[in-house]
Structures are given as C-alpha cells and as structure tokens.
Amino acid sequence: MLEIKNLHARIAESGVEIIRGLNLTVKAGEVAAIMGPNGSGKSTLSYILAGRPDYEVTEGEILYNGESILEMDPAERAAAGIFLAFQYPMEIPGVATMEFLKVAMNAQRKARGEEPLKIPELIKRVKEEAGLLSMDMAMLKRPLNVGFSGGEKKRAEILQMKLLQPNLCVLDETDSGLDIDALKIVSDGVNALRSPDRAIVVITHYQRLLEHIVPDSVHVLYKGQVIKSGDKSLAFELEENGYAGIIEEAA
Ligand SMILES: Nc1ncnc2c1ncn2[C@@H]1O[C@H](COP(=O)(O)OP(=O)(O)O)[C@@H](O)[C@H]1O
Ligand SMILES: [Mg+2]
C-alpha cells in the first residue's frame, strides 16, 4: 500500500537534508511502527507524506497503491484516503469541531462520488464515535483543537480518523500527552481501525504505546534512514537496550 524508495528530502527554506535515503514498505492490513530517537526525522517523514510545502523531495519515490503521490497536493492525498495525525495537531480558530468534521467527511464523500451526508445522519455518526472515545459533546461545539488539552487533541484526531475511514493512517507520537486511561481509549480507537485493506503507521519513540497497539513490523529511523526493521520483538529490544546498540551495528 505504501512504498517509500530511496527517499531524500530537505527543508525547502534552508536546504538542510533531513531524510537521507529512506526505504520503507507497508502492506495493506499491516500495522507498522516507526521508532527512533528524537530528531531522527520521524515527524519530518509524516509532513512529507502529508505533502507540506515547506519540505522538498529531491530524490526517490513515495508510492501509494503503486502510484506516486509526490505530485499530489495535501487535499488530493486526503481525498485518496491518506490521513495524518500530527504530533502537534493544528488549532483552527473560528471553525467548530462539528463543522470541521462535516466539511472533511463531505469533501471525502464528494471525491468518492457520494452525496453529502444529511445533518441528522452526520450528527448520529459523530455522536456514536465521540462516545466511544469518551469525548464530551460540548467539545464538538468548540473550535477545533483550540484550547484542547494534549489528550483532547489526540482524541479529536482519532475521531476524525474513525469518521473518515482512511486507507492509510499515519499517527505521529499519538501517545504524547496522554495519561494511561486516555492512552487506552486512543489505542482502542486505533485498534478498531485495523482492517485487511488498511495500513496503519504508528510513529513513537516509546515502547509503551506498542503494548496497546501491537505492531506487525517495527522500523528504526535514525538520521533520516531506516537502519533496522524487525517484528514486534525489536521494540522490546529497544526498550531494554536503547538505541545505542542498533545505531552502532548500523554504522
Ligand atoms: N523546519 C525546520 N527547520 C530546521 N530544522 C528542522 C525543521 N524541521 C525539522 N528540522 C530538524 O530535522 C531533524 C528531524 O526532526 P523531526 O522530524 O522533528 O524528528 P523526530 O520527529 O524524529 O523527533 C531535527 O534535527 C530537527 O531539528
Ligand atoms: Mg517528532
């Protein structure tokens, strides 16, 4: 579903290369974890997948269902079923969360050639999913992410994901800022999205999240490259020994 080949990318403004020959394949049905120390390029990779204009791909390919997404703008990527949950979700003042959800869901339906949802049906679906995430309905009236706590922002991301049912989900540090109960709720939400025709990429630098969302594959990112891949036991190995051993091995 997702194939990244020899990807090189830099910050557009400064020209500093952050992603330096990254290879990664994630199949449909798979939950892949990307781990790596701070500053290794994990968030940068998520921005590049989203198509943020402040990064430039200089070499390599990103294929989604066999086709390059590099020429697609962020809205086209979203319409094609790619969803990114960022480490620091954007605050959208002036747009109530419910309104945002309506626009996002209907934009996606339009891209699929479907009619917009009727308001009662929309509210019903949103209420159902928000309830599963223990989200307060009052929150849906507030502008998206504005003044939300870390945990509330993460829940709002999972809510969008569950409503939009994307084919490729990328979650960047979903565990940061979550207490144990919220972690459980958010993980359950992600686990509910597991499906044979969906790929999920979970970016985290702690093993903790992976106790709740058990990955099929684990990839260690360091200095903009995947330096080691393995199964879930690799995450436990990292928790025990840290990154130093693997970094040395790869050097
Ligand atoms: N816009 C930017 N300007 C300058 N440096 C950046 C920018 N974005 C990312 N970086 C640098 O790129 C490296 C990778 O960052 P990031 O992708 O956030 O790492 P991670 O998410 O793995 O902690 C870091 O050294 C960071 O300082
Ligand atoms: Mg990061």
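The values are calculated or read from the model by the stated rules, or taken from the named source; none is laboratory data. This structure is a prediction, so every number in the text was calculated from the model and none was measured. Glycine also receives a Cβ, built like all others from the backbone with ideal geometry; neighbour counts cover every protein chain displayed. Just so you know, the surface numbers come from the protein's heavy atoms only, side chains and all, with ligands and any DNA or RNA stripped out. Shrake-Rupley method; radii C 1.70, N 1.55, O 1.52, S 1.80 Å.
For segment 228-241, backbone phi angles converted through the Karplus equation (6.51, -1.76, 1.60; θ = phi - 60°) give residue-by-residue couplings of 7, 10, x, 9, 5, 5, 4, 5, 5, 4, 5, 4, 5, 10 Hz, Gly and Pro being listed as x. Give a quick list of GluC sites (Glu not before Pro) in segment 1-89 that DSSP marks as loop, anything other than H, G, I, E or B, with at most 16 other Cβ atoms within 10 Å. Answer by residue number: Glu13, Glu71.
To the nearest 10, the accessible area of His8 is 30 Å² with a 1.4 Å probe.
The distance between label points at Glu239 and Lys127 comes to 4.0 nm (points 7 Å beyond Cα on the Cα→Cβ vector).
The alpha carbon centroids of segment 170-187 and segment 112-162 are separated by 16 Å. For Val201, nonlocal amide neighbours, meaning residues 5 or more places apart or on other chains whose placed amide H falls under 5 Å from its own, are Ala32, Cys169, Val170, Leu171.
Within segment 98-159, the GluC sites (Glu not before Pro) that combine a DSSP coil assignment with at most 16 other C-beta atoms in a 10 angstrom radius are Glu114. Protein heavy-atom surface of segment 2-250, 1.4 angstrom probe: 52% of the accessible area is carbon and sulfur, with nucleic acids and ligands not counted.
Taking Cα atoms only, the orientation of helix 119-132 departs from the longest principal axis of the chain by about 50 degrees.
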